1. Between Arg307 and Leu266, 0.36 nm times their residue separation minus their Cα-Cα distance comes to what?
2. Using a probe radius of 1.4 Å on heavy atoms only, what accessible surface per residue do you get for the stretch 14-261? Whole Å² is fine.
3. How would the stretch 14-261 be classified by its alpha-carbon gyration tensor: rounded, prolate or oblate, with rounded meaning a/c under 1.5 and the a/b versus b/c comparison settling the rest?
4. Which shape class applies to the stretch 349-402: rounded if a/c is under 1.5, otherwise prolate when a/b exceeds b/c and oblate if not, where a ≥ b ≥ c are the square roots of the Cα gyration tensor eigenvalues?
5. Does the stretch 1-159 classify as rounded, prolate or oblate by the C-alpha gyration tensor (a ≥ b ≥ c root eigenvalues; a/c under 1.5 gives rounded; else a/b over b/c gives prolate, otherwise oblate)?
6. Hey, what do the phi angles of the stretch 287-295 turn into as Karplus ³J(HN,Hα) couplings, whole Hz, using 6.51/-1.76/1.60 and θ = phi - 60°, x for Gly and Pro?
7. Give me the percent of the accessible area of the chain that comes from carbon and sulfur atoms, probe 1.4 Å, all protein chains in place.
8. Need one number: nm distance between label points at Glu335 and Ala174, each 7 Å from Cα along Cα→Cβ, rounded to one decimal.
Amino acid sequence: MSDNQTSSPKAWRPATRQLHAGLERTEYGETSEALFLTSGFVYDNAEQAAKTFTGEVTHYQYSRFGNPTTAALENRLADLEGAEACVATATGMGAVSSALLSHVTAGGRVVASRALFGSCHWIVNHLLPRYGVETVFVDGEDLAQWDEALSVPTDAVLLESPSNPMLDILDIAAISERAHKAGAIVIVDNVFASPIFQKPLELGADVVVYSCTKHIDGQGRVLGGAVLGRKDWITETLQPFTRNTGNALSPFNAWVMLKGLETLSLRVEAMARNAAAVADYLASAPGIKLVRYPGRKDHPQYELAQRQMSGNGTLVAFVVEGGQKEAFAFMNALELIAISNNLGDSRSLVTHPATTTHSKISPEERAALGITDGAIRFSVGLEDSADLIDDLARGVAALKAL
Ligand SMILES: *Cc1c(COP(=O)(O)O)cnc(C)c1O
């Protein structure tokens with residue numbers, strides 16, 4: 001775990017923090033962060049080992065409990081997020097599952113927005129009930145549904161905004177206010193916005209979770225996750241769970257993420273500029289029924305997106321006229337943009353959610369989420385936007401040729 005209280009000067013701006021925060025140089029004065037690829041640590045003597053275990057001495061014990069390279073990442077993420085503390089996890093799902101499972105107990109209650117990443121949906125819908133936790137889904141944009149679901153005492157709220165894959169925007173401040181009245185902590189999966197464009201803790205949330213696999217590595221190399229929040233919750237609730245259940249991030253992956261963080265704002269801002277350009281192109285292209293991008297005025301929650309986020313993100317969702325046949329023809333015609341279910345990568349990727357990431361949820365549930373058979377999720381990368389538009393034009397031509 002990191003403790004953000006002694007880290008970088010508050011005056012640093014994000015671009016500086018993502019390079020310098022949390023860096024503790026060794027005696028060798030290395031420029032880049034050292035990679036401590038070690039499972040364990042040795043003690044000077046038996047007394048020091050004993051005192052480490054009683055807590056009288058601070059010393060690394062074992063990399064499942066803590067590691068200097070992982071701690072550097074945790075410090076930097078906490079600093080960037082404005083959180084008191086951070087625990088890095090092996091994957092994004094490790095972060096989501098630990099945040100929920102460490103907090104709730106049998107007989108507890110969780111309310112979640114329906115529009116969740118597939119595995120998050122599985123945890124709420126299948127796993128938690130198995131352990132005696134009552135779970136309720138709501139349409140996240142509808143505050144009346146939150147009011148009703150939160151009219152009884154609740155332990156935790158889980159939401160994602162913008163949501164995967166249709167980019168619904170949820171009012172984090174309004175939901176947090178309601179959740180707190182019901183006694184719940186609010187956990188926000190902030191993957192789609194990234195730490196650059198949205199600060200859920202400032203909006204009233206209690207816990208932020210990331211799949212660092214996405215924009216934070218952002219170059220398609222390693223899996224990782226992070227949970228950020230108040231120091232007391234992280235140390236007393238989350239950390240005993242993560243340490244004892246073995247959800248530790250590899251120090252190697254932590255080091256890769258530290259390198260990724262150095263360019264996070266550069267990448268995410270450039271990807272968002274490209275996303276705005278391709279969204280406008282798609283909105284004017286024949287055969288495209290609908291385009292969803294939080295930066296476009298035709299997004300149903302445009303005003304909220306502008307109020308809540310400082311940028312519009314790197315993902316675009318669009319729906320082709322027709323259904324699966326048309327969506328597949330569009331995707332198969334692309335030469336530059338790859339078909340993959342990952343996102344937040346420096347390379348542009350498209351996904352057909354109905355047959356991949358969201359294929360395990362029922363057709364009725366998919367319909368409720370607006371995931372039609374013609375819907376395509378586009379994670380916009382760092383290529384030249386003119387090349388992306390040329391490639392999308394191949395998809396548009398394939399639609400015409402059907
Ligand atoms: C990818 C993703 C996750 C899961 O992250 P992994 O690193 O793949 O475990 C969770 N939430 C969202 C929104 C994601 O996009």
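The values are calculated or read from the model by the stated rules, or taken from the named source; none is laboratory data. Bear in mind the structure is a predicted one, so any value in this text is a computation, not a measurement. Ideal geometry is used to build each Cβ from the backbone, glycine not excepted, and the neighbour counts take in all protein chains shown. The protein model used for the area step is the full one, side chains on, heavy atoms only, and it has no ligands, DNA or RNA in it. Shrake-Rupley method; radii C 1.70, N 1.55, O 1.52, S 1.80 Å.
1. On the way: separation 41, 0.36 × 41 = 14.76 nm, distance 2.21 nm.
Extra length from Arg307 to Leu266 when fully extended: 12.5 nm.
2. Numbers: 9630 Å² over 248 residues.
Ligands and nucleic acids excluded, the result is 39 Å² per residue.
3. Working: a/c = 2.22, a/b = 1.58, b/c = 1.40.
The shape class here is prolate.
4. Details: a/c = 3.43, a/b = 1.79, b/c = 1.92.
It comes out oblate by the Cα gyration axes.
5. prolate
6. x, 9, 7, 7, 10, 10, 8, x, x
7. Working: 8640 of 16670 Å².
The computed percentage sits at 52.
8. Between Glu335 and Ala174, the label points sit 4.7 nm apart.
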